[in-house]
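The values are calculated or read from the model by the stated rules, or taken from the named source; none is laboratory data. A quick note: this is a predicted structure, and the numbers were derived from the prediction, not measured. Glycine also receives a Cβ, built like all others from the backbone with ideal geometry; neighbour counts cover every protein chain displayed. The accessibility values were calculated without ligands, DNA or RNA, using every heavy atom of the protein model including side chains. Shrake-Rupley method; radii C 1.70, N 1.55, O 1.52, S 1.80 Å.
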Amino acid sequence: MNKINVQLITGIFVLFGIAAFTYQAVTIGGASIRPTPGYTLVARFDSISGLRVGGIIEAAGVRIGTISGIKFDPDNYKAIVNLRINEGVPVQQDAIVSVRTQGIIGEKYIKLSAGGFPELLTDGMEIHETESAVSLEELVSKYIFNSSSGSGSGNNSDAKK
Amino acid sequence: MTGNTPTTNAITIRDLVVDYGPRRILNGINLDVPHGQIMVIMGQSGAGKSTLLRCILGLKKPTSGSIQMLGTDIATASRKEIYKARKQIGVAFQGGALFSSMSVAENIQLALHEHTDLDEKTIQIMTRIKLDMVNLLEAENLMPSELSGGMAKRAALARAIIMDPKLLFFDEPSSGLDPSTAAELDQLILTLKKGMGITIVVVTHELDSIFKIADHIAVMKDGNLILTGTPQEIIDSTNPEIQGMLNRKPRETIVDTDAHLRRLTGDF
Amino acid sequence: MASIAKHVESLGAYCITAMEQTGRTFNMLLQVLWELLHPPYRFYPIVRQMYFIGARSLTLIIVSGVTIGMVLGLQFYNILQRFGSVELLGAGVALGVIRELGPVMTALMVVGRAGSSITAELGIMRITEQVDALECMAISPDKFLIAPKVVAGLLSVPLLTMVFDFVALFGGYFVGVKMFGVAEGSYWNGMTDAVEWQDVRLGLEKSFVFGVLVTLICCSRGFYMHLTKAGSQGAEGVSSATTDAVVLSSIAVLFSDFLIGALA
Amino acid sequence: MECTVRSQTGFDLLELGGEVDLQFSHKLRETILGSLKTGNPLLIDMAKVSYIDSSGIASLVEGFQTAKTSKLQYGLLNISNAAMQVLTLTRLDKIFDLHSSTDQFKQKLQ
């Protein structure tokens, strides 16, 4: 067996492996060497069931950020979600964030709807207008029992039975 | 080093006992191997020769007793001390035990690469000197699988003496070889003793070579050392077991027809 | 009664042997670590072993990776189609491969290809006195024989796993997008959205553990062959030690996969 | 091991003594090769060598080869018994230029 051959082939193998790893870690896994430029906003939800860290934030169907953290607020039993918004995306003070589902059983994501105020939110500020996750069971039961309350919007504390 | 007392012997063994489970393999061996001489340990297979050799080399821990080899007590020394002592010895194993993934030259150089920082050119010349001594220069770049039995034994010998050891062990140098190759190896062992002043321990059961090379002979039987002495003393010995070994008489001169027939047919 | 006692006895004997072997394997790990911390450090033997364990397994890994990716693509497509959510195909394939199948399949392939020959090689070195010869040359077999293999296993299995994952994703892509016409964007985006760094890390951690486990078990079965029943049986002993090593390391891979999954 | 080079008229004299073994032979090698680089013929006095192993011999051989390629005279002087045994064993006594006196070597230079 040729010495140079062994080293060359092993080198190629190592490079191939590292390249495959980098592809997975950076492109698919979403690990970034530097944090993407942007700013972080906070929002409180009654329920975010199904939402995960790393999930996407969309506006008008376009990805504009990621969910960078989820915490539980023990004082008033709410979920605190950190939203990492890409640079150059303005969020108005009265913008609305809502937890939505892709397809019927798909991933949960956050949808950002623009507000009308001219004032924009900056890093660390809170979005007050939130809509919680729509529970499929809730929808079904509403439909079946013809419940009188409105659409599956937030601030419903009877989501859990 | 433990017990670094100047002795006249390269190896001193006292009351060596080795048990394997309930079986006693070596039963109180006492043996002295003087510097610069050839000691042949002989005996039939199963007499405990290889176990004794493995104990001296530190490959097997004895149950009790002491083994002084070049000033180190192998039986009680730490791994580090044993390794230090082993750098002064060379071992040629029965089947050669050449590393099959390396060429003959790489096999021979291995210890130099591992233990010294000699220049590559020096190592190459040393390898060729040793290969020339065992008359194997043409096999330098062959792989062990391409060697004949005799060549493998000679390559193993070259590997054993590459570090210019003070003490050389040779396990069955002539077994499985044709008479002329065996005689060549015997001659080589004698040359090594004379030319380099190496103390040599040979383990064998081949009578022909024993009397050609030995300065001292130790005869083993069933885990005991029944006699040690010069070749002449062994020949003159009146011990019937030794005479039996030397003459290799047929087991029975008069065959008991009935008994033999019964043995063969298995009817009792 | 006597036969029951005999069975209990053989169970006990079996347990003792198993404990001894585990102990020896663990002891070997400690020896290797000790040797790795002490000079001289030699890198070429590790490269050589990586060539053998890693580079030479590459073809097998690529072929099996593509195949597994295609199978997953096919099966997931059939299931997801019933729920009308074929856009999750990418996510399904990626999560399945990166978290579970990649590390496990790669480790099993390495067991079959490299592990078995490690055991056979060391077993033959043991019965032909090559290990003793090393000892007598004052070269530590742990340093010279075992450590390069374990380090090469530790490095090669994760690298192979990454290659396996990579080609499996394309296998799924081929079936899902090219054969069944799932939208290309939804395949890759679904993957990107569903797979987190944590998933990649879990797969990577698993493969590191598998790499060490596989090489260590295979090394110890071959190297300590003389201490087992197989040791006195020559060539037949080598073959039974090899079989044992393959079975044992495969079980170890599957079981530790479960353990890591449960702990993570 | 002692290993010193002295300049003589027309050649260098390397005085070698003591035990030449694995530990010291690389120093011997460097000395020999270094001396040959100056372009002077080299005579190695081995009278005081009490022991020489094959690594020492290998260094002598390499020096000999280097001297030959640069067409320099290269001789060994007053070989001690210990060294002679090893040279005979390795059949190198017939290859090296062996001398019993400095004058003998000087004659060869002319």
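Extending 7 Å from the Cα toward the beta-carbon at both D:Gln104 and A:Phe72 defines two label points whose distance is 9.9 nm.
Positive contributions from Lys and Arg (+1) and negative ones from Asp and Glu (-1), summed over other residues with Cβ under 15 Å from the Cβ of B:Thr12, come out at -1. Spin-label model, C:Phe255 to B:Glu146: label points 7 Å out along the Cα-to-beta-carbon direction sit 4.6 nm apart. Relative contact order of segment D:2-109, taken over Cα pairs closer than 8 Å and 6 or more residues apart, is 25 percent. Take each residue of peptide C:123-133, count the partner chain Cβ atoms within 10 Å of its Cβ, and average: the result is 5. Which of rounded, prolate, oblate describes segment B:137-220, given a ≥ b ≥ c as roots of the alpha-carbon gyration tensor eigenvalues and a/c under 1.5 marking rounded, otherwise prolate only if a/b is larger than b/c? It comes out oblate by the Cα gyration axes.
Going down the list B:Lys84/C:Lys229; B:Lys84/B:Lys121; B:Lys60/D:Lys27, which pairs span over 28 Å between their C-alpha atoms? List each step's numbers first, then the result.
Numbers: B:Lys84/C:Lys229 33 Å; B:Lys84/B:Lys121 26 Å; B:Lys60/D:Lys27 39 Å.
Check vs 28 Å cut-off fails for B:Lys84/C:Lys229; B:Lys60/D:Lys27.
Sequence gap at least 6, Cα distance under 8 Å: using those rules, report the relative contact order of chain B to the nearest whole percent. Present the calculation step by step, with values, prior to reporting the outcome.
Numbers: 460 pairs, mean separation 62.6, N = 268.
Value for chain B: 23 percent.
The residues packed around C:Tyr187, meaning those with a beta-carbon under 14 Å from its beta-carbon, carry a net charge of -2 if Lys and Arg are +1 and Asp and Glu are -1. Across C:Trp34, C:Trp188, the residue with the most accessible area heads the list, and the full order at a 1.4 Å probe is C:Trp34, C:Trp188.
For D:Ile79, neighbours were defined as the other residues whose beta-carbon sits under 10 Å from its Cβ, and their charges (Lys and Arg +1, Asp and Glu -1) total -2.
Taking every C-alpha pair closer than 8 Å and separated by at least 6 residues, the mean separation divided by the residue count of segment B:20-88 gives a relative contact order of 20 percent.
Please identify the trypsin sites (Lys or Arg not before Pro) of segment B:207-250 that satisfy two criteria: DSSP loop assignment and at most 13 other Cβ atoms within 10 Å. Which are they?
On the way: sites: B:Lys212, B:Lys221, B:Arg248; in loops: B:Arg248.
Sites meeting the loop and neighbour criteria: B:Arg248.
With both residues required to sit in chain B, DSSP beta bridges show an antiparallel share near 55%.
Are there any trypsin sites (Lys or Arg not before Pro) in segment D:75-110 that are in a DSSP loop and have at most 12 other Cβ atoms within 10 Å? List them by number. Let's see the in-between values first.
Numbers: sites: D:Arg91, D:Lys94, D:Lys106, D:Lys108; in loops: D:Arg91, D:Lys94.
Sparse-neighbourhood loop trypsin sites (Lys or Arg not before Pro): D:Arg91, D:Lys94.
Working from label points 7 Å from Cα in the Cα-to-Cβ sense, the A:Glu126 to D:Asp97 distance is 9.9 nm. Both numbers refer to the Cα atoms of the protein assembly as shown; Rg and Dmax are 38.0, 126 Å.
Take peptide D:51-60, look around each residue's Cβ out to 10 angstrom, count Cβ atoms belonging to other protein chains, and average those counts. Each step should come with its number before you reach the end.
On the way: counts 2, 1, 5, 13, 12, 3, 5, 12, 6, 1.
Partner Cβ neighbours, averaged per residue: 6.
Bridging of A:Lys108 to lysines at a Cα separation below 30 Å is possible for A:Lys71, A:Lys78, A:Lys142, A:Lys160, A:Lys161, C:Lys178, C:Lys206, once same-chain residues fewer than 8 apart are set aside.
If you take every DSSP beta bridge fully contained in the protein assembly as shown, what fraction is antiparallel? Give it as a percent rounded to 5. Intermediate values should be presented prior to the final figure.
Numbers: 55 of 95 bridges.
Restricted to the protein assembly as shown, the bridges split so that about 60 percent are antiparallel.
As a test, work out the antiparallel percent of DSSP beta bridges whose residues both lie in segment D:2-109, rounded to the nearest 5. Just about 30 percent of them are antiparallel. When averaged across all projection directions, what area in nm² does the alpha-carbon convex hull of chain C cover? Averaged projected hull area, Cα only: 18.1 nm². At an R0 of 51 angstrom, the distance between the Cβ atoms of B:Ser78 and B:Asp132 translates into a FRET efficiency of 0.85. The mean number of partner chain beta-carbon atoms within 10 angstrom of a residue's beta-carbon across peptide C:70-79 is 0. In this view, the solvent-accessible surface of A:Thr122, computed with a 1.4 Å probe and all protein chains in place, comes to about 80 Å².
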